[in-house]
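FYI, it's all coordinate maths here, none of it is from the lab. Computed from a predicted model, the values in this text were never measured in an experiment. We place every Cβ from the backbone using ideal geometry, glycine too, and count neighbours over all the protein chains shown.
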Amino acid sequence: MVQALQLFGDRDLRLTEIAPAPAPGPGEVRIRIRAVGLNFIDVWGFRGMAFAKRRLPLVVGAEAAGAIEAVGEGVADLSPGDRVVPYGAMTCGRCRACREGRDNLCEDVSGVMGFHLDGFARELVTLPARLVVKVPNGVSDTDAACAGIAFGTVQHMLFDNARLEPGESVLVHAGGSGIGTAAIRMAKAIGCTVYTTVGDDEKGRRAAELGADHVINYRTERFEGEVRRLTKRKGVDVVFEHVGADTWNGSLLCLKRGGRLVTCGSTSGVSATMNLMQLFQQQYRITGSFGCSLANIRQALDKMAAGIRPVVDTVYPLADFAQGLERLESRKVFGKILVGL
């Protein structure tokens, strides 16, 4: 038997013992998990989302890193001992999107690990080798555990979807969050001017230390007014949006004419109204972004190896996974929360 963290009902997480993952079959690998990254998808699952089709109990955890323990027949590019990041969704590998490397647009995906299907908060997991990415030398297990969702999502948002270019300006919402801190660092690494919003002055200080050029405390200032003032009413090239209803229309006001908004979240609410005349007159480009591709995870790991490291808030033991979720839910976090196995 091996240890696992299972969800039995809304906010009912238990450390249990389950049967070990099976020996890998043809084209599969068995991974010993070393670290798990926490994300808001874990919070949503913890709360119990009505639209999630799943059977309980469910092993939680959508983002992780580990090491190959065994490989199945036909696996040539992975060996026992290789450190890896597993992909966070069970894609089909056959549809056009999968064949073209657009994994997060799989037409026959079985579900997200830790949300619809058993996830990574367990000692061992067996997966198709095609859904595993090697970790470069010099990247720690805890950093690598931030690649599958946090860093991969930011890579996909900023560079695949927003097409952020060196020297442009970008507004990063919630600069103290896991993806917010990653976005600040990735944007600064290519010479962009970064504006960011935070919920308190201490987070603002730390965001500035990461490289943010302009920090706005949204609790004391209207962020859209400050961005327009700081840009002399010109606006920014890109808005990195993941807050949702509370910031949606303000974010649009922050864009310059022809600017791009990319969004991956709706933690403050899933519905918003918008001025359609403003949309077409200002020629905004709005893109929804969900997850990332395997290629984005490789790119994210390469950036970590080059020195763009994740900001880690706290590392909890497996038994305290629920405390990590509660800290994430409280929004007191600065950077990523991780669980070590």
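Remarks
- Sparse-neighbour loop sites [trypsin sites (Lys or Arg not before Pro); region 1-89; at most 13 other C-beta within 10 Å; DSSP]: Arg11, Lys53, Arg55
- Charge dipole of the chain about the Cα centre (unit charges at C-beta), most positive-ward option of Val194, Ala62, Gly27: Val194
- Here the chain is treated with +1 on each Lys and Arg Cβ and -1 on each Asp and Glu Cβ, and its dipole about the Cα centre works out to around 880 debye.
- Alpha-carbon Debye profile of the chain, log10 I(q)/I(0) at 0.10, 0.12, 0.13 Å⁻¹: -0.58, -0.83, -0.97
- When the Gaussian network model of the chain links Cα atoms closer than 10 Å, the mean-square fluctuations of Ala121, Ala272, Ala208 top out at Ala272.
- A Gaussian network model of the chain, with springs between Cα atoms under 10 Å, assigns the largest mean-square fluctuation among Ser177, Ser140, Ser169 to Ser140.
- Nearest-0.05 FRET efficiency for Asn275 and Thr220, computed from C-beta distance (R0 30 Å): 0.70
- Lysines with Cα under 17 Å of Lys256, excluding same-chain neighbours fewer than 8 positions away: Lys232, Lys234
- Overall dimensions of region 187-326 as given by Cα atoms, namely Rg and Dmax in Å: 16.9, 53
- In order along region 191-196, the Karplus-derived 3J(HN,Hα) couplings, from 6.51 cos²θ - 1.76 cosθ + 1.60 at θ = phi - 60°, round to x, 7, 8, 10, 9, 9 Hz, and Gly and Pro are given as x.
- FRET efficiency, Val2 to Arg47 (Cβ-Cβ, R0 30 Å, nearest 0.05): 0.65
- Sequence-distant contacts, meaning Cα pairs under 8 Å at least 6 residues apart, place the relative contact order of the chain at 19 percent.
- For region 1-69, applying the loop criterion from DSSP together with a ceiling of 14 other beta carbons within 10 Å to the chymotrypsin sites (Phe, Trp or Tyr not before Pro) yields Phe51.
- For Gly259, residues with placed amide H under 5 Å, excluding near neighbours: Arg285
- The chain: DSSP helices with Cα axial extent of at least 15 Å and average Kyte-Doolittle hydropathy no lower than 0.0: 178-189, 294-305
- In the elastic network of the chain, a GNM with C-alpha springs shorter than 10 Å, the most mobile of Asp118, Asp42, Asp77 is Asp77.
- A dipole drawn for region 218-341 from +1 and -1 charges on Cβ atoms has a positive end, and of Ala295, Ala322, Leu255 the residue lying farthest that way is Leu255.
- If you take all other residues with their beta carbon under 13 Å from the beta carbon of Asp200, and give Lys and Arg +1 and Asp and Glu -1, the sum is +3.
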